[in-house]
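Undergrad: First the structure, which I've put down as structure tokens, then a few questions once you've had a look.
What follows draws every value from the coordinates through simple rules; no lab data is involved. Just so we're clear, the structure is a prediction, and the values are computed from it rather than from any experiment. Heads up, the Cβs are rebuilt from the backbone with ideal geometry, glycines too, and the neighbour counts pull from every protein chain shown.
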Amino acid sequence: MSDQRQSQASSLEQVLAPALKERQQAHLYRRRRTLSSAQSAQVTVDGVQLISFCSNDYLGLANHPAIVSAFKSAADIYGVGSGASHLVSGHSHEHHALEEELAAFMGRDRALLFSTGYMANLGTIGALVGKGDAIFEDKLNHASLLDGGLLSGARFQRFLHNDLYDLEKKLSRSDSDRKLIVVDGVFSMDGDLAPLPELAALAQQHIDWLLMDDALVFGCLGETGAGTAEYFGLDQSQLPIVMGTLGKGAGSFGAFVAGSDVLIETLIQQARPYIYTTAMPPAVAAATRASLKVMQDEAWRRSHLQQLIEQFRTGAQQLGLQLMASSTAIQPVVFGDAETTLKVSELLQTQGYWVGAIRPPTVPKGTSRLRVTLSAAHSAEQVEGLLAALEVAVKSLPAEASLL
């Protein structure tokens with residue numbers, strides 16, 4: 001290596017290393033864990049068997065035999081890679097059939113597949129608004145929604161969490177012809193629902209558009225699992241833009257946007273992450289088609305999940321733990337301090353339970369929490385075991401940090 005290249009590399013290390021050290025000292029350093037098993041209630045992590053309460057596989061479908069079988073069969077026909085973007089040569093029969101089935105499932109005219117939820121949000125927002133337009137986002141929206149708004153070029157404004165009064169004030173002050181309201185259906189770190197009926201009414205009153213990201217409860221909420229729109233009974237005219245992900249409740253991979261024919265055609269023509277990305281493997285689309293069928297055939301998964309949610313909340317409240325107003329599979333347990341939260345997570349692991357410690361910048365400073373995620377794959381006994389382990393972990397903390 002030349003002296004100049006060595007100097008550049010050294011400079012890179014000198015600039016970046018201090019920030020990493022600061023993050024470690026503040027107990028905010030993120031570390032990857034390595035799994036050597038399929039997603040399930042019990043997993044093997046870094047060679048150790050743990051009961052997992054940090055997966056987004058809410059319905060326990062990621063390793064469902066029928067879905068795995070559909071994946072294998074499609075791979076025998078279509079191979080592994082899709083070869084190109086949807087607009088070149090990558091749009092297979094499996095992709096097309098999945099889009100039609102998703103549209104029917106969601107009660108929308110059409111649906112469009114994206115490779116990830118992040119790309120779906122960036123692509124949809126960027127295709128709908130730009131310079132001269134206005135976008136209004138809930139303060140606790142997912143990073144992909146916030147990034148989409150910032151990158152769109154539209155005038156970006158955030159309103160207080162689930163605060164309709166604050167949103168209406170901002171809408172009333174805007175003189176943009178095109179205005180887009182963007183919210184999560186369920187908020188990823190708090191687990192609470194957006195007031196969608198009121199938001200829909202407000203959008204219609206101001207002749208604005210409403211986009212709802214339903215990543216976290218697609219498959220889990222509503223009578224058939226069609227998510228927040230079904231739960232609140234909102235049709236396409238009331239809620240014109242719905243995004244859903246397939247890697248959580250559906251146990252597969254990818255994302256979609258559902259809405260009118262004009263909306264979907266606009267995204268096909270203008271959503272850059274759709275146009276310039278290789279399509280997901282056809283076998284993944286086939287697996288997701290099987291997942292949609294399982295969701296509808298095995299409704300017991302949603303009812304069992306709801307029972308586990310109620311069991312956990314009741315037990316955690318009896319322990320005096322600080323919960324948030326969530327009725328979903330996401331159950332945050334707030335400790336506030338990042339170091340304490342990380343310590344509790346480590347103590348749980350020594351007892352055989354894997355629960356993620358969520359710290360800034362993912363959540364605001366002083367609100368660090370364990371993000372307990374429940375799954376239909378869990379048993380009542382496993383939830384009871386987690387509650388017992390939480391009690392032991394919290395009682396093991398120093399007196400000044402203990403919450404019990």
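Undergrad: Rounded to the nearest 0.05, what FRET efficiency is calculated for Glu22 and Thr314 with R0 set to 41 Å and r the Cβ-Cβ distance?
TA: 0.55
Undergrad: Can you tell me how much longer the chain between Gln322 and Trp300 gets when fully stretched, taken as 0.36 nm per residue apart minus their C-alpha distance, in nm with one decimal?
TA: Extra length available between Gln322 and Trp300 comes to 5.0 nm.
Undergrad: Arranged by the count of other C-beta atoms within 10 angstrom, fewest first, what order do Glu339, Glu223 take?
TA: Ordered by Cβ neighbours within 10 Å, fewest first: Glu223, Glu339.
Undergrad: Additional query: Apply the Karplus curve 6.51 cos²θ - 1.76 cosθ + 1.60, θ = phi - 60°, to the phi angles in the range 19-29 and return the couplings in whole Hz, x for Gly and Pro.
TA: Each residue of the range 19-29 in turn: 5, 5, 5, 4, 5, 5, 5, 8, 6, 10, 6 Hz.
Undergrad: Counting Lys and Arg as +1 and Asp and Glu as -1, what is the net charge of the other residues whose Cβ lies under 9 Å from the Cβ of Ala357?
TA: My count for the surroundings of Ala357 gives +3.
Undergrad: What is the distance, in nm, between label points placed 7 Å from the Cα along the Cα-to-Cβ direction at Ser379 and at Ser11?
TA: Calculated label separation equals 6.1 nm.
Undergrad: If you don't mind, another one. If you average the alpha carbon positions of the range 10-61 and of the range 172-239, how far apart do those two centres end up, in angstrom?
TA: 32
Undergrad: Going by amide H atoms built from the backbone, whose H comes under 5 Å of the H on Arg155, apart from near neighbours?
TA: Here the answer is Gly132, Asp133, Ala134, Ile135, since their amide H atoms fall under 5 Å of that of Arg155.
Undergrad: Taking Lys343 as the anchor, which lysines have their alpha carbon closer than 28 Å to its alpha carbon, excluding any fewer than eight residues away along the same chain?
TA: Answer for Lys343, where 28 Å is the Cα cut-off: Lys21, Lys248, Lys365, Lys395, listed by chain and number.
Undergrad: Apply the Karplus parameterisation 6.51 cos²θ - 1.76 cosθ + 1.60, with θ equal to phi minus 60°, to every residue of the range 250-265 and state each ³J(HN,Hα) to the nearest whole Hz, in sequence, with x for glycine and proline.
TA: Whole-Hz 3J(HN,Hα) from phi for the range 250-265: 6, x, 10, 6, x, 7, 8, 10, 10, x, 6, 4, 5, 4, 5, 5.
Undergrad: List the longest stretch of the chain that has no exposed loop site; here a site is one of the chymotrypsin sites (Phe, Trp or Tyr not before Pro) assigned by DSSP to anything other than H, G, I, E or B, with at most 14 other Cβ within 10 Å.
TA: Free of exposed loop sites, the longest segment is 30-275.
Undergrad: Another one. Based on the Cα atoms of the chain, what semi-axes does the equivalent ellipsoid have, where each is the square root of 5 times one gyration tensor eigenvalue, given in whole Å with the largest first?
TA: Result for the chain: semi-axes of 33, 27, 26 Å.
Undergrad: Enumerate the lysines that Lys179 could reach by cross-link, defined here as Cα to Cα under 25 Å, with residues fewer than 8 away along the same chain left out.
TA: Lys131, Lys139, Lys169, Lys170
Undergrad: Amide H to amide H, which residues 5 or more places from Gln42 or on other chains are under 5 Å from it, using H placed in the peptide plane?
TA: Ser52
Undergrad: Amide H to amide H, which residues 5 or more places from Ile181 or on other chains are under 5 Å from it, using H placed in the peptide plane?
TA: Phe136, Trp209, Leu210, Leu211
Undergrad: Please figure out what share of the DSSP beta bridges in the chain is antiparallel and state it in percent, rounded to the nearest 5.
TA: 60
Undergrad: What is the sum of charges, Lys and Arg at +1 and Asp and Glu at -1, for the other residues whose Cβ falls under 9 Å from the Cβ of Val182?
TA: Charge balance in the 9 Å sphere: -4.
Undergrad: Add -39500 (n - 2.57) for each DSSP H run of 4 or more in the chain, then divide by its residues: what number comes out at 222 nm, to the nearest 500 deg cm²/dmol?
TA: Counting only the DSSP helices, I get -13500 deg cm²/dmol.
Undergrad: Using θ = phi - 60° and the Karplus curve 6.51 cos²θ - 1.76 cosθ + 1.60, what whole-Hz ³J(HN,Hα) does each residue of the range 231-241 get, with Gly and Pro shown as x?
TA: Along the range 231-241, the couplings run 4, 8, x, 9, 8, 5, 6, 7, 10, x, 10 Hz.
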